[in-house]
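One structure below.
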Amino acid sequence: MSRYNFDEVIERHGTNSAKWDNNMVMFGREDVLDMWVADMDFPVPEPVVRAMRERLEHPIFGYTFPSAGLLEAIVDRAKREFDWDIKKEWIVFNGGVVDGLYSTLQAFTHPGDEVIVQPPVYYPFMGAVKNTGTQILYNPLKSTNGHYTMDVENFASHFVPRASFPIRVPKVKAFILCSPHNPVGRVWHPGEIKAVADICVANDCLILSDEIHAELLLKGHKHTVTAMLSEEIAERTITYMAGSKTFNLAGLGTSFAIVQNDKLRKDYVASRAGRNSGNLMGMIALEAAYKHGDPWLYQVREYLQGNFDLFRSYIEEKMPKLKVSNLEGTYLAWVDMRELGLSPLDLQRFIREEARLALDDGYAFGPGGDGFQRFNLATPRPLVREALERLERAVKGL
Ligand SMILES: Cc1ncc(COP(=O)(O)O)c(C=O)c1O
């Protein structure tokens with residue numbers, strides 16, 4: 001089995017990398033170290049490159065449907081990774097997961113309908129809700145010393161009719177679940193998901209379960225597929241998955257939804273007319289990754305664990321005012337910097353100008369994000385060390 005060297009820093013400047021080639025536009029200076037947008041600075045599994053190269057030997061790139069081998073690879077993977085029995089007919093291809101979320105909201109909601117999200121959360125969820133004319137209902141996560149849980153009581157309260165003036169008729173049509181949760185790093189337990197999913201079932205509310213990070217787990221954590229929790233839940237859940245986070249294929253614009261309910265699936269597909277064919281190279285890469293990428297993935301998981309252990313212990317030892325949430329899944333570390341006493345915009349300036357880091361500002365993730373920063377740890381360890389040293393110097397200079 002080949003051993004990958006993830007310590008190697010591969011130059012990404014000049015590749016139109018959204019992460020590395022946007023510093024002036026995004027952060028106002030060139031010399032920041034990029035640890036923001038969620039892709040990895042690691043080369044993809046070798047079999048993926050080989051499969052793409054082979055396909056390039058044929059010089060025609062016309063409309064292409066998903067191969068039988070790809071559908072089989074997805075069905076097999078669901079079984080192998082999650083013990084989830086799915087049928088190939090349930091799979092619908094999307095560009096990205098965000099593209100899938102937009103289509104779903106367009107297909108199943110009307111302007112003014114309400115959609116629950118649980119901030120701090122991946123900010124395009126809020127964009128999808130706003131841009132499709134629906135309204136955001138926040139169910140903020142609760143934090144106890146940096147450990148986050150869902151607020152089930154508050155979740156349920158969104159469905160209770162309120163006799164106020166003007167009369168509020170509840171019309172919650174959908175709930176977007178982030179599982180595992182970006183940016184707080186939780187891998188939800190079955191009971192936690194079931195508590196809110198059962199409320200959705202009782203109230204005829206769709207569950208959009210974004211499980212894009214399902215295979216990026218740290219030691220001792222196990223992913224729960226929402227749609228496996230009960231038949232009633234499965235019947236109203238759309239599950240979004242991809243190889244893009246797991247195998248670092250985000251630029252190939254390929255993901256898929258799994259929709260068990262025939263009527264839901266038919267309406268979902270109809271809403272995507274003309275956009276269901278999938279991306280040719282993305283599908284080739286996904287099939288190769290699912291079939292042959294596991295040795296690489298095991299090494300990546302181990303490496304991410306090492307990065308997180310270093311990151312947390314360094315901060316605990318040298319910057320005790322900062323608090324790092326435990327990372328159970330994803331490769332995105334969530335750091336509470338409120339004890340520095342800076343306003344969200346001062347913290348942003350401090351991170352860019354003093355620490356010279358390009359991170360994701362916590363406030364962008366909605367309520368509960370002020371005073372936090374998100375670090376992408378899917379990067380060679382020497383860069384993690386460099387970032388920690390930059391941060392330490394800046395914090396000591398305050
Ligand atoms: C929870 C979550 N969903 C979706 C995405 C983006 O997916 P895509 O590029 O497939 O739209 C991300 C990327 O960071 C993410 O963290």
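The values are calculated or read from the model by the stated rules, or taken from the named source; none is laboratory data. Predicted model, so just to flag it, every value in this text is computed and none were measured. Cβ coordinates were reconstructed from backbone atoms using ideal geometry, including for glycine residues, and neighbour counts include every protein chain displayed. Keep in mind that these areas ignore ligands, DNA and RNA; they rest on the heavy atoms of the full protein, side chains included. Shrake-Rupley method; radii C 1.70, N 1.55, O 1.52, S 1.80 Å.
Could you name the aspartates and glutamates whose alpha carbon sits less than 17 Å from that of Lys194, not counting residues in the same chain fewer than 8 places away?
Asp151, Glu153, Asp204, Asp210, Glu211, Glu231, Glu232, Glu235
Mind ordering 253-261, 333-341, 309-317 by average Cβ neighbours within 10 Å, highest first?
253-261, 333-341, 309-317
Assign unit charges at the C-beta atoms only (+1 for Lys and Arg, -1 for Asp and Glu), then state the dipole size of the chain relative to its Cα centre in Debye, rounded to the nearest 20.
Using only the charged Cβ atoms, the result is roughly 360 debye.
Suppose we keep just the DSSP beta bridges with both residues in the chain; what percent of those would be antiparallel, to 5?
So the antiparallel bridges amount to about 55 percent of the total.
Out of all DSSP beta bridges in region 60-292, what portion is antiparallel? Express it as a percent rounded to 5.
45 percent
When you count, for each residue, the other Cβ atoms within 10 Å and take the mean per peptide, how do 212-221, 281-290, 65-74, 2-11 rank with the highest first?
281-290, 212-221, 65-74, 2-11
Going by a ≥ b ≥ c, the root eigenvalues of the Cα gyration tensor, does region 242-333 fall in the rounded group (a/c under 1.5), the prolate group (a/b larger than b/c) or the oblate group?
Prolate, because a/c is 1.5 or more and a/b exceeds b/c.
Under 20 Å from a point 7 Å along the Cα-to-Cβ line of Asp309: which residues of region 27-59 have their amide N that close?
none
Measuring from label point to label point, each 7 Å out along Cα→Cβ, what is the Arg393 to Lys79 span in nm?
That separation, rounded to one decimal, is 5.5 nm.
Please work out whether region 84-190 counts as rounded, prolate or oblate from its C-alpha gyration tensor, where a ≥ b ≥ c are the square roots of the eigenvalues and a/c under 1.5 means rounded, while otherwise a/b larger than b/c means prolate and anything else oblate?
oblate
How much length is gained on full extension from Glu302 to Ser271, taking 0.36 nm per residue of separation minus their Cα-Cα distance?
7.1 nm
Pulled fully out, how much extra length does the chain show between Glu317 and Ser2, if you take 0.36 nm times their separation in residues and subtract their Cα-Cα distance?
109.9 nm is the gain from fully extending Glu317 to Ser2.
Would you mind computing Rg(Cα) / (2.2 N^0.38 Å) for the chain, counting N as its residues?
That ratio works out to 0.99.
In the chain, carbon and sulfur make up what percent of the accessible area (probe 1.4 Å)?
Carbon with sulfur: 54 percent of the solvent-accessible area.
Among Leu101, Pro382, Gln299, pick out the residue whose Cα is farthest towards the positive end of the charge dipole of the chain, where Lys and Arg carry +1 and Asp and Glu carry -1 on C-beta, about the Cα centre.
Leu101
With no other cysteine's Cβ closer than 4.7 Å, which Cys residues of the chain count as lacking a disulfide-compatible partner?
Cys178
Assuming R0 = 30 Å, can you tell me the calculated FRET efficiency for the pair Asn131 and Leu340, based on Cβ-Cβ distance, to the nearest 0.05?
The computed FRET efficiency comes out at 0.35.
Report the local net charge at Lys321: Lys and Arg +1, Asp and Glu -1, summed over other residues whose C-beta lies under 14 Å from its C-beta.
So the environment of Lys321 carries a net charge of -1.
Would you calculate the convex hull of the Cα atoms in region 60-292 and tell me its volume per residue in Å³?
It comes to 129 Å³ per residue, whole-number rounded.
Exceeding 24 Å between C-alpha atoms, which entries from my cross-link table qualify? They are Lys19/Lys318; Lys88/Lys173; Lys219/Lys323; Lys222/Lys321; Lys19/Lys173; Lys87/Lys291.
Listed pairs above 24 Å: Lys19/Lys318; Lys88/Lys173; Lys222/Lys321; Lys19/Lys173.
Which of Arg352, Arg301, Arg80 moves the most in a Gaussian network model of the chain with Cα springs under 10 Å?
Most flexible of the set in this elastic network: Arg80.
At 0.36 nm per residue, and after removing the present C-alpha to C-alpha distance, how many nm does the segment from Ile60 to Arg381 gain when stretched out fully?
Stretched fully, the Ile60-Arg381 segment lengthens by 111.5 nm.
Once you place label points 7 Å from the Cα toward the Cβ at Asp99 and Asp151, how far apart are they in nm?
Going from the Asp99 label point to the Asp151 one covers 3.5 nm.
Might you tell me the accessible area per residue for the chain, computed with a 1.4 Å probe and given in Å²?
Value for the chain: 44 Å² per residue.
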